[in-house]
1. Failed condition for Ala146, given (1) touching a strand residue (DSSP E or B) at 6+ places or on another chain (Cβ under 9 Å); (2) surrounded by fewer than 19 Cβ atoms within 10 Å (Cβ to Cβ), with all others met?
2. I'd like the residue in region 113-124 that is closer than 12 Å to Val141 by Cα and touching a residue at least 40 places away in the same chain (Cβ under 8 Å) and, out of all such residues, is least open to solvent (accessible area, probe 1.4 Å).
3. Quick one: which of Phe249, Phe255 is within 15 Å of the ligand (Cβ to nearest atom), open to solvent by less than 20 Å² (accessible area, probe 1.4 Å), touching a residue at least 12 places away in the same chain (Cβ under 8 Å) and aromatic (Phe, Trp, Tyr)?
4. For the structure I just gave you, tell me whether Phe255 is outside any helix (DSSP H, G or I) and over 14 Å from Leu315 (Cα atoms).
5. If you take the residues in region 149-174 that are surrounded by fewer than 17 Cβ atoms within 10 Å (Cβ to Cβ) and part of a loop (DSSP other than H, G, I, E, B), which one is farthest from the chain's Cα centre (by Cα)?
6. Going by what's in this entry, would Thr317 be described as of a type in the set (Val, Ile, Thr), within 11 Å of the ligand (Cβ to nearest atom), under 26 Å from Glu274 (Cβ atoms) and open to solvent by 30 Å² or more (accessible area, probe 1.4 Å)?
7. How many residues does region 56-85 hold that are open to solvent by less than 10 Å² (accessible area, probe 1.4 Å) and under 28 Å from Trp227 (Cα atoms)?
8. Which residue pairs have Cβ atoms under 8 Å apart, sit 6 or more places apart or on different chains, and have a first residue in region 145-170 that is more than 11 Å from the ligand (Cβ to nearest atom) and β-branched (Val, Ile, Thr) and a second that is open to solvent by 10 Å² or more (accessible area, probe 1.4 Å) and modelled with pLDDT of 95 or more?
Amino acid sequence: MTMRHTHDIAIVGLGAMGSAAALELARRGLDVIGFDRHAPPHTFGSSHGDSRIIREAYFEDPVYVPMVQRAFERWRELERASGRALLQQTGGLMIGAPESALVQGALRSARLHGLQHEVLSADEVRARVPVLQPEPHMVGVWEPRAGVLAPEACVQAQLKQAQRSGATLHFDEAVEHWQADSGGVTLASAAGTHRARQLVISAGAWVASLLPGLRVPFRVERQVLHWFEPVADAAAFAPQRCPIHLWQFDGERFFYGFPDRDAGVKLAFHHAGEATTADTVRRDVAPAEVDEVRRAVRRFVPAADGRLLASTVCLYTNTPDEHFWLDRHPAHANVLVASPCSGHGFKFAPVIGEIVADLVEGKPPRFDLAAFRWRGTD
Ligand SMILES: Cc1cc2nc3c(=O)[nH]c(=O)nc-3n(C[C@H](O)[C@H](O)[C@H](O)COP(=O)(O)OP(=O)(O)OC[C@H]3O[C@@H](n4cnc5c(N)ncnc54)[C@H](O)[C@@H]3O)c2cc1C
């Protein structure tokens, strides 16, 4: 294929962030061309596994609260536009020692932004959600708006709506390299060469391979998700009765779980996975990894300690401070990087789409993006 015309914007990577950016840019009338090395939604990156948590009392930093509030609106809009159910409200519990970062951080965001919340003792958590068994010293921060997003359906809906709005999307076509000049960016894939005025790199765990010559501090981390069959009180895991739940325990360890969405009870550790790369990651799950998560299941969600139904491997792309990385390339103002989301980015995808579109159009940012700037590299 030869180069035909210059698109307004090219997007490399059409997972959570790239599909959101493609939709928002196409919706605004820009001529968008997008590429993905696979055909999203797929299981090789960071956006699979049936469920993602969305929560408002953001323990990581209150700076995310206005963004997540906008994300709730945008996911509901996408539901209306696509006719698909994407977000299920379940409420959420952040459980840990009163002084833990999880509990303190959730309370800080809730108080600063006047969010509806309650602090529950361990007994109160057990009374409200009998399948959750916090230890006596723990407390729970309850927030009513939290819930579950269906990541595969979300990505599919974003891609479909982007195409409906005029975006040209190429699947199973990896971009091998790109070159920027004052007039735009030239991209090369196995199928040919393409030209655009601006480039968005949203390649998730592959992002560093598209930033040659830059010492970026991204660390790809292997994460394993597990689905267990309940041993008791299966009905109590229904989304109407079981909220999403996050736990901080034994100091700095994090664990989380979902209600049963017809495939079993999904439970996993957050972080503490091995460092890896998108191309070399170990996809098989060792029995010792199942044993380890089962120990946490027995301790905190014992009614889910049944047969292991499935496990899958997924990738976090972490920055050193675990804030997102959402900025222009330091050497090329017409290239944007919108990807490393440190294991907590999915819920924000449509907002990241809006932020990217504003940056592309040169509009003032609608959120405080200081924490997401290019940092700590050449
Ligand atoms: C186990 C797990 C649990 C998580 N839980 C939550 C949660 O509960 N809540 C939450 O908000 N977030 C959560 N996250 C984080 C969230 O899912 C990620 O932040 C988000 O999915 C990242 O999206 P992305 O678009 O950056 O990556 P991806 O969706 O992986 O997309 C990157 C895309 O780029 C493509 N690509 C790569 N290289 C090229 C190339 N050279 N050319 C063309 N295409 C290319 C890939 O094929 C891929 O489709 C979780 C992540 C994991 C792994």
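The values are calculated or read from the model by the stated rules, or taken from the named source; none is laboratory data. What you see is a predicted model, and the numbers here were worked out from it, not measured in a lab. Virtual Cβ from ideal backbone geometry, glycine too; neighbours counted across all protein chains shown. Ligands, DNA and RNA are excluded from the accessible area calculation, which covers all protein heavy atoms including side chains. Shrake-Rupley method; radii C 1.70, N 1.55, O 1.52, S 1.80 Å.
1. It fails just one condition, (2).
2. Applying the first criterion (closer than 12 Å to Val141 by Cα) to region 113-124 yields 115-122, 124.
Subsequent filtering for residues that are touching a residue at least 40 places away in the same chain (Cβ under 8 Å) retains 115, 117.
On the way: Leu115: 17, His117: 59 Å².
The residue in question is Leu115.
3. Numbers: Phe249 fails: within 15 Å of the ligand (Cβ to nearest atom).
Going through Phe249, Phe255 in turn, just one is within 15 Å of the ligand (Cβ to nearest atom), open to solvent by less than 20 Å² (accessible area, probe 1.4 Å), touching a residue at least 12 places away in the same chain (Cβ under 8 Å) and aromatic (Phe, Trp, Tyr): Phe255.
4. Values: outside any helix (DSSP H, G or I): yes; over 14 Å from Leu315 (Cα atoms): yes.
So Phe255 fits the description; yes.
5. Top of the filtered list is Gly166.
6. Values: of a type in the set (Val, Ile, Thr): yes; within 11 Å of the ligand (Cβ to nearest atom): yes; under 26 Å from Glu274 (Cβ atoms): yes; open to solvent by 30 Å² or more (accessible area, probe 1.4 Å): no.
Judged against the criteria, Thr317 is not a match.
7. 5
8. From residues that are more than 11 Å from the ligand (Cβ to nearest atom) and β-branched (Val, Ile, Thr), the pairs are Thr168/His7.
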